[in-house]
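Colleague: Sharing a structure with you now.
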Amino acid sequence: MKHTFELDFDGRKIVVEAGEIAKQTAAAVLVRYGDTVVLSNVCMSPKTVDWDFFPLTVEYQERMYAAGRIPGSFQRRESRPSSHAILASRITDRSMRPLFPDGFRNEVQVVSQVLSVDLDNQPEITAMLASSLAVSISDIPFNGPIAGVYVGRVDGQLVINPTVEQRKVSDIDLCVAGTEDAINMVEAGAAEVSEEEMLDALMFGFEYVKKLCRFEKEIIAAIGLPKREVQLKTIPQELRDEVVAKVDERLRKAVSIFDKLERQNTIDQIEQETEAEYAAKEYATELEKNKTVQQVHEIQEDIYHDEVRRLIIEDKIRPDGRKVDEIRPLDAQIDLLPRVHGSAMFTRGQTQVISVTTLGALSDEQLLDDLTPEDHKRFMHHYNFPQWCVGGTGKIGVLGRREVGHGALGERALSYVIPSEEEFPYTIRTVSEVVESNGSSSQASICAGCMSLMAAGVPIKGVVSGIAMGLITDDPTRSPDKETNHYTILTDIQGLEDHFGDMDFKVAGTAKGITALQMDIKIAGVTRDVLKEALDQAHVARAQIREVMEQAIAEPRPDVGLYAPKLAKMTIDVDKIRDVIGTGGKVINDIIAQCDNVKIDIDDDGHVVIYHMSREMINKAMKMIEDIVRVAKVGEVYEGEVTRVEDYGAFVK
């Protein structure tokens, strides 16, 4: 039976349909937001897996027919997800994941298909709403619902879910999600806005999140199924007491070892000894043995987890001995690599990133084939995180969603200081190579990337530094507050604090203001007071980091490097473009060949940009083009080769 629900959402209609499509799933909903249509469904495996994590998969699938387009791939069909689709999946995953029950180990898949796109009504947050509704009305345990919105600011006025035209002039690009009670996910870019302005935008968006959540609760009350009983993963109390008695004291002492590798090796040795002891016992089956050993490992991890949190909350002591607002030792260097266009290395404690900037012609820009208003991208920031940077092994050459997400965060943070195409007509690619990591590598990539841009001679508008903030609460099952659930905010979290903490809040920006935010939490949500305290603490930290960066390079170099392409610009009459190109490209290819393979970009308006490492070759190519487009004037003398003589005149080359 089909059920339909409608909501007037800030002057635009949202329609939810359920019960007609995809009836063999656990639940499915079709959400219409303007002319944007997204179908989301959820399915759950009946089997419980004995894993140490919740096997949740959230997919956002773009269908190019949704925009009336045929895919640009060779096979002319959708294949691997675009970077945009991966990022859209991540914002829904990050919002929903903390709200499933602890110990839930049934595999769950949430899939959203974009069937129709009206770019003024964003499909990404439509998919988030549809995903939350599908899980909420199903019989799958879930402590939602959640919802998300975009927030922009046009002419000083905050706007909810801005249109394409509004986004072009907006100085804030914010996605905020959460429950009716608290915010639990943030993804934002901004044109150097203040902490207070960003906080206002967050709370403005949260009011609309609450409105959507109330709408969802009405739907759940009307058609939601009773939640099924599932077997949650638990550990026998007798075994827990036994293991705690054996290793509690040794493990808690090991947590306070300063060096990451020494600390981890000591903890690993204790855990391996204990697990080997239990593995040596007799069991009825091999399955029972493996299960017990895994439970012993998890008990020890719980001790480790509890001690890290206890030290921070009660003693205000971090695993490496720092104060709660103290940054690890910093180092910044440039010009590590002699032949690249720009390079830098940024080190924060045991996190280290080398960043390389490469400059190319405008024709080198990335072409986009996804469901967004943009069809090309001139600035790219890529992030690589090999397993060896943490002393491990794993698949090599496989790009993970985390790398896509961290690369996009760095790109967003730096994009607001990148000069315009008119100011600096280059395609710019910055690659951050994480060579050592103990937390906060994404923010280190922003710092290293900023310095490599300046070293490459890119005239950026400001120095961008980034910091990752953390949160530890007394009771992670509730939102933090100063009266009933005490909390501690940490500056510059390391890997251990990220893993065992309740929040990862990344803030990047210049001295003028914020250019990027990202927040992920593992608890129900956070309040305005917590966000304000974290932003204020981050502001101080960013300034300290920026000071160290400026000691290495205070401003962009006045020109590009020796091995980077130089350029010259000129404008020709539109009617002369065909003369410069020639039949089948014959003329322009001849110029390129005579000028040591210069690169020549000509747009439809007659703007010409010539690139080469040698100024001599650029000038030569420019003169050849000037000679082609020059209009002969009576009385001027020209040198040339007479190629043909006719009764009416002569042809001169």
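Colleague: If you count only protein heavy atoms with a 1.4 Å probe, what accessible area per residue comes out for the chain, rounded to a whole Å²?
Modeller: Working: 30580 Å² over 653 residues.
Per-residue accessible area for the chain comes out at 47 Å².
Colleague: Taking Rh as the Kirkwood radius computed over C-alpha pairs, what is the Stokes-Einstein D of region 547-607 at 20 °C in a medium of viscosity 1.002 mPa s, expressed in µm² per second?
Modeller: Working: Rh = 14.6 Å.
In µm²/s, the coefficient rounds to 147.
Colleague: I need the helices of the chain that pass two filters: whole DSSP H segments spanning 15 Å or more by Cα along the axis, and mean Kyte-Doolittle score no lower than 0.5.
Modeller: Numbers: long enough: 83-96 (20 Å, -0.04); 123-137 (21 Å, 1.33); 195-223 (41 Å, 0.23); 237-255 (24 Å, -0.75); 260-279 (27 Å, -1.48); 286-315 (43 Å, -1.08); 401-415 (21 Å, -0.69); 441-455 (21 Å, 1.03); 528-552 (36 Å, -0.52); 615-629 (21 Å, -0.07).
Within the chain the helices that satisfy the rule are 123-137, 441-455.
Colleague: Only Lys, Arg, Asp and Glu count, each charged at its Cβ (+1, +1, -1, -1), so figure out the dipole size of region 528-653 about its Cα centre, rounded to 20 debye. Intermediate results must be reported in sequence, preceding the final value.
Modeller: On the way: 18 positive and 24 negative charges, 51 e Å.
Once rounded to the nearest 20, the dipole reads 240 debye.
Colleague: Counting each pair of different Cα atoms once, what's the Kirkwood radius of region 319-419 in Å, rounded to one decimal?
Modeller: Values: mean 1/r = 0.0604 Å⁻¹.
The Cα-based Kirkwood calculation yields 16.6 Å.
Colleague: Report the FRET efficiency, 1/(1 + (r/R0)^6), for Thr25 and Asp474, where r is their Cβ-Cβ distance and R0 is 41 Å, rounded to 0.05. Can you show the working numbers first?
Modeller: Values: r = 39 Å, r/R0 = 0.96.
Efficiency for this residue pair is about 0.55.
Colleague: Okay, next question. Between Asp35 and Arg644, how high is the FRET efficiency from 1/(1 + (r/R0)^6) when r is the Cβ-Cβ distance and R₀ = 45 Å? Nearest 0.05.
Modeller: Efficiency, from the Cβ-Cβ distance: 0.15.
Colleague: If you take the C-alpha gyration tensor of region 142-268, multiply each eigenvalue by 5 and take the square root, what semi-axes do you get, largest first, in whole Å?
Modeller: Working: eigenvalues 373, 148, 20 Å².
Its equivalent ellipsoid spans semi-axes of 43, 27, 10 Å.
Colleague: Shifting gears a bit: Work through the residues other than Ala554 whose Cβ is under 13 Å from its Cβ and net out their charges, Lys, Arg +1 and Asp, Glu -1. Don't jump to the answer; show the numbers that get you there.
Modeller: On the way: positive: Arg546, Arg557; negative: Glu547, Glu550, Glu555.
Net local charge, Ala554 excluded: -1.
Colleague: Can you pull the one-decimal nm distance between simple spin-label points at Lys395 and Arg214, each 7 Å off the Cα toward Cβ?
Modeller: With each label placed 7 Å out from Cα toward Cβ, I get 4.5 nm.
Colleague: Separate question: Using just the C-alpha positions of region 319-377 as equal point scatterers, what log10 of I(q)/I(0) does the Debye formula give at each q in 0.21, 0.25, 0.30 1/Å?
Modeller: Each listed q corresponds, in turn, to -0.85, -0.99, -1.16.
Colleague: If I model a spin label at Lys253 and Asp50 as a point 7 Å from the Cα along the Cα→Cβ vector, what separation in nanometres do I get?
Modeller: 3.3 nm
Colleague: I would also like to ask the following. Across the Cα atoms of region 424-467, what radius of gyration and what greatest pairwise Cα-Cα distance (Dmax) are found, in Å?
Modeller: In Å, with Rg to one decimal and Dmax whole: 11.4, 37.
Colleague: Could you give the size of the charge dipole of region 41-151 about its Cα centre, using +1 on the Cβ of each K and R and -1 on the Cβ of each D and E, expressed in debye and rounded to the nearest 20? Don't jump to the answer; show the numbers that get you there.
Modeller: Numbers: 10 positive and 12 negative charges, 72 e Å.
That gives a dipole near 340 debye.
Colleague: Something else: With equal scatterers on the alpha carbons only and no solvent term, can you work out the Debye log10 of I(q)/I(0) for region 567-653 at 0.26 1/Å?
Modeller: The computed values of log10 I(q)/I(0) come out as -1.35.
Colleague: Hey, another quick one. Please compute P(r) over all alpha-carbon pairs of region 371-431, binned at 5 Å starting from zero, and give each bin as a whole-number percent.
Modeller: Percent of Cα pairs in each bin: 4, 15, 20, 22, 16, 9, 8, 5, 1.
Colleague: Additional query: When Lys and Arg each count +1 and Asp and Glu each count -1, what net charge do the other residues less than 10 Å away from Thr126, Cβ to Cβ, add up to? Display every interim value, and only then the final one.
Modeller: On the way: positive: Arg32; negative: Asp118, Glu124.
Within the 10 Å Cβ shell, the charges total -1.
Colleague: Share of Cα-Cα pairs in region 505-600 beyond 20 Å, in percent? Write out the running numbers ahead of the final one.
Modeller: Values: 2971 of 4560 pairs.
So the pairs more than 20 Å apart make up 65 percent of the total in region 505-600.
Colleague: Tell me, what is a quarter of the convex hull surface for the C-alpha atoms of region 414-538, in nm² with one decimal? Mind showing how you got there, number by number?
Modeller: On the way: hull surface 34.1 nm².
Convex hull of Cα atoms, orientation-averaged projection: 8.5 nm².
Colleague: Tell me which of Pro55, Pro71, Pro98 sits at the most positive position along the dipole axis of region 50-99, charges placed on C-beta atoms (Lys, Arg +1; Asp, Glu -1).
Modeller: Pro71
Colleague: Here's a follow-up. Put +1 on the Cβ of each Lys and Arg and -1 on the Cβ of each Asp and Glu in the chain; which of Ile618, Met454, Leu202 then has its Cα farthest toward the positive end of the dipole?
Modeller: Farthest towards the positive end: Ile618.
Colleague: Which value results when the Cα radius of gyration for region 177-247 is divided by 2.2 N^0.38 Å? Present the calculation step by step, with values, prior to reporting the outcome.
Modeller: Details: Rg = 21.2 Å, N = 71, 2.2 N^0.38 = 11.1 Å.
Normalised by 2.2 N^0.38 Å, the Cα Rg of region 177-247 equals 1.91.
Colleague: Next question, about the same structure. Could you sort out which of Lys211/Lys233; Lys246/Lys316; Lys323/Lys482; Lys260/Lys291; Lys47/Lys217; Lys289/Lys323 sit more than 31 Å apart by Cα distance in this structure? Each step should come with its number before you reach the end.
Modeller: On the way: Lys211/Lys233 34 Å; Lys246/Lys316 27 Å; Lys323/Lys482 20 Å; Lys260/Lys291 29 Å; Lys47/Lys217 29 Å; Lys289/Lys323 43 Å.
In this structure, Lys211/Lys233; Lys289/Lys323 lie more than 31 Å apart at Cα.
Colleague: Next up: Evaluate the charge dipole of the chain about its Cα centre and quote only its size in Debye, nearest 20, assuming +1 on the Cβ of each Lys and Arg and -1 on the Cβ of each Asp and Glu. Spell out each step's value before the answer.
Modeller: Values: 75 positive and 108 negative charges, 173 e Å.
With Lys and Arg at +1 and Asp and Glu at -1, about 840 debye.
Colleague: Report the percentage of all Cα-Cα pairs in region 490-545 whose separation exceeds 16 Å, rounded to a whole percent. Walk me through the numbers on the way to the answer.
Modeller: Details: 667 of 1540 pairs.
Every Cα pair in region 490-545 considered, those over 16 Å come to 43 percent.
Colleague: Another question about this same structure. Return the carbon/sulfur percentage of the accessible area of region 278-436, one whole number, probe 1.4 Å, all protein chains in place. If you can, show how the numbers build up before the last one.
Modeller: Numbers: 3870 of 7560 Å².
Result for region 278-436: 51 percent of the exposed heavy-atom area is carbon or sulfur.
Colleague: Turning to a different aspect of this structure: If I model region 55-213 as equal point scatterers sitting on the Cα atoms and use the Debye formula, what is log10 I(q)/I(0) at q = 0.15, 0.16, 0.17, 0.18 Å⁻¹?
Modeller: -0.85, -0.95, -1.04, -1.12
Colleague: Apply 1/(1 + (r/R0)^6) to the Cβ-Cβ distance of Val540 and Arg228, taking R0 = 56 Å, and write down the FRET efficiency to the nearest 0.05.
Modeller: In this case the efficiency is close to 0.70.
Colleague: Can you tally the lysine pairs in region 505-635 where the Cα-Cα distance is under 24 Å and the two residues are eight or more apart, or on different chains?
Modeller: 23
Colleague: Also: How long are the three semi-axes of the equivalent ellipsoid for the chain, computed from the Cα gyration tensor as the root of 5 times each eigenvalue, in whole Å, largest first? Please report the intermediate quantities before stating the final value.
Modeller: Details: eigenvalues 525, 206, 108 Å².
Value: 51, 32, 23 Å, ordered largest first.
Colleague: Also: Rounded to two decimals, what ratio of Rg to Rh does region 1-142 give with C-alpha atoms and a Kirkwood Rh? Don't skip to the answer; put the middle values down first.
Modeller: Values: Rg = 15.6 Å, Rh = 15.9 Å.
Ratio of gyration radius to Kirkwood radius for region 1-142: 0.98.
Colleague: Hey, quick one: spin label on Asp306, modelled 7 Å out along Cα-Cβ, who in region 197-238 has an amide N within reach, i.e. under 15 Å?
Modeller: What the label zone holds, given the 15 Å backbone N cut-off, is 235-238.
Colleague: Additional query: Using 14 Å as the cut-off for backbone N distance, which residues of region 2-25 belong to the label zone defined by a point 7 Å from the Cα of Gln166 along Cα→Cβ?
Modeller: 9-13
Colleague: Find which of Ile628, Gly439, Thr488 sits farthest along the positive direction of the dipole of the chain, computed with +1 on the beta-carbon of Lys and Arg, -1 on that of Asp and Glu, about the Cα centre.
Modeller: The one lying farthest along the dipole's positive direction is Ile628.
Colleague: Where the eigenvalues come from the Cα gyration tensor of region 450-504, what are the semi-axes √(5λ) of the equivalent ellipsoid, largest first, in whole Å? Mind dumping the intermediate values first?
Modeller: Values: eigenvalues 258, 28, 9 Å².
Taking √(5λ) for each eigenvalue gives 36, 12, 7 Å, largest first.
Colleague: When the helix-only estimate is applied to the chain (DSSP H runs of n ≥ 4, each -39,500 (n - 2.57), divided by the residue count), what is the mean residue ellipticity at 222 nm, nearest 500 deg cm²/dmol? Working shown, then result.
Modeller: Working: 14 runs with 223 residues, N = 653.
Helices in the chain give a 222 nm mean residue ellipticity of -11500 deg cm²/dmol.
The values are calculated or read from the model by the stated rules, or taken from the named source; none is laboratory data. For clarity, every value in this text was computed on a predicted model and none was experimentally measured. Because the Cβ atoms are built from the backbone with ideal geometry, glycine has one as well, and the counts that use them run over all protein chains shown. We work out accessible area using only protein heavy atoms, side chains counted, and drop any ligands, DNA or RNA first. Shrake-Rupley method; radii C 1.70, N 1.55, O 1.52, S 1.80 Å.
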